[in-house]
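Report on the following structure.
The values are calculated or read from the model by the stated rules, or taken from the named source; none is laboratory data. Since the model is a prediction, treat every value here as computed from it, not as a measurement. Positions of Cβ are backbone-derived with ideal geometry, glycine not excepted, and every protein chain shown enters the neighbour counts. Side chains included, ligands, DNA and RNA excluded: accessible areas come from the protein's heavy atoms. Shrake-Rupley method; radii C 1.70, N 1.55, O 1.52, S 1.80 Å.
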Amino acid sequence: MRALFVRDLTLALRAGGGFGLGLAFFLIVVVLVPFSVGPAPDLLARIAPGVLWLGALLACLLSLDRLLAVDFEDGALDLLATSPLPLEGVVAVKAAAHWVTTGLPLVLAAPVLGVLLNLAPEGYSVLVVSLALGTPALSMIGAFGAALTVGIKRGGLLMSLLVLPLYVPTLIFGAEAARRAAQGLDASTPLLFVAGITAAVLALMPFAAGAVLRVNLR
């Protein structure tokens with residue numbers, strides 16, 4: 001598992017499709033919002049939590065189409081399927097590598113980009129916590145979507161349509177936590193919901209993705 005994790009990190013950094021691409025997309029989304037809604041500080045402060053969470057969600061989605069497709073194309077996925085490591089572990093490791101190269105940089109960059117949207121100072125810490133709790137679920141759900149569409153030509157659009165509805169609960173509670181904190185309200189309830197969703201996803205999705213992979217690789 002350690003070797004597979006290091007391999008996926010190396011491939012993601014060499015290909016440039018993880019760390020750099022996700023951050024660049026996140027930055028573009030945040031920079032374009034003031035141009036589309038106007039530079040009013042009060043308006044930007046109100047929509048900042050939702051915009052930051054939506055940008056992070058779309059940035060995570062951007063690099064999911066190659067999560068399993070590259071290994072399927074070069075035959076590495078067939079070798080992994082016959083290795084002692086179960087497919088559930090393969091999917092979990094790949095989701096973890098995706099989070100490290102995509103989700104973690106977004107978590108670290110969110111406070112800096114929050115300045116561009118005039119996010120209230122009270123919301124910064126909760127924004128980071130909510131993203132840190134929620135983005136692992138995005139990567140794991142994305143790995144499940146990648147397993148569903150592996151082997152399908154141009155399956156990126158189909159995967160997006162399958163994955164986006166599953167992202168909605170995490171988006172709602174994550175953005176709500178940051179919004180409440182920015183308004184000086186208690187954000188513990190939505191944070192607990194985000195943590196609960198992530199815990200359920202991490203517990204169940206690897207087994208679902210592993211079962212789907214076994215069917216697709218037959």
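Observations on the structure shown:
- Cα centroid of the stretch 138-194 to Cα centroid of the stretch 1-57, whole Å: 14 Å
- For Leu13 and Asp74, the FRET efficiency from 1/(1 + (r/R0)^6), where r spans their Cβ atoms and R0 equals 30 Å, is about 0.95.
- Distance between modelled label sites at Lys153 and Ser83, nm, 7 Å Cα→Cβ extension: 2.9 nm
- Taken along its principal axes, the alpha carbon cloud of the chain reaches lengths of 56, 32, 29 Å, longest axis first.
- The charge dipole of the chain, taken about its Cα centre with unit charges on the Cβ atoms of Lys, Arg (+1), Asp and Glu (-1) only, comes to about 240 debye.
- Mean Cβ neighbour count within 10 Å, used as a protection proxy, ranking 200-210, 169-179, 25-35 highest first: 169-179, 200-210, 25-35
- Convex hull volume per residue for the stretch 16-103, taking Cα atoms only, in Å³: 89 Å³
- Each helix, a run of at least 4 DSSP H residues, gives -39500 (n - 2.57); summed and divided by the residues of the chain, these come to -27000 deg cm²/dmol at 222 nm.
- Taking packing as the residue-averaged number of other Cβ atoms within 10 angstrom, the listed peptides 90-96, 36-42, 162-168, 193-199 run from highest to lowest as 90-96, 193-199, 162-168, 36-42.
- Angstrom value of the Kirkwood radius, inverse mean 1/r, which spans all Cα pairs in the stretch 77-167: 14.9 Å
- With all protein chains in place and a 1.4 Å probe, the accessible surface of the stretch 167-218 carries 71 percent carbon and sulfur.
- Sparsely packed loop sites in the stretch 73-145 (the GluC sites (Glu not before Pro) outside DSSP H, G, I, E and B with at most 11 other Cβ atoms within 10 Å) do not occur.
- Probe 1.4 Å, accessible area per residue of the chain, Å²: 48 Å²
- Among complete DSSP H helices in the chain, those whose alpha-carbon atoms stretch at least 24 Å along the helix's long axis and whose mean Kyte-Doolittle hydropathy reaches -0.5 are 19-37, 41-62, 124-149, 156-182, 188-216.
- Two-decimal Rg to Rh for the stretch 166-218 - Kirkwood Rh, Cα set: 1.23
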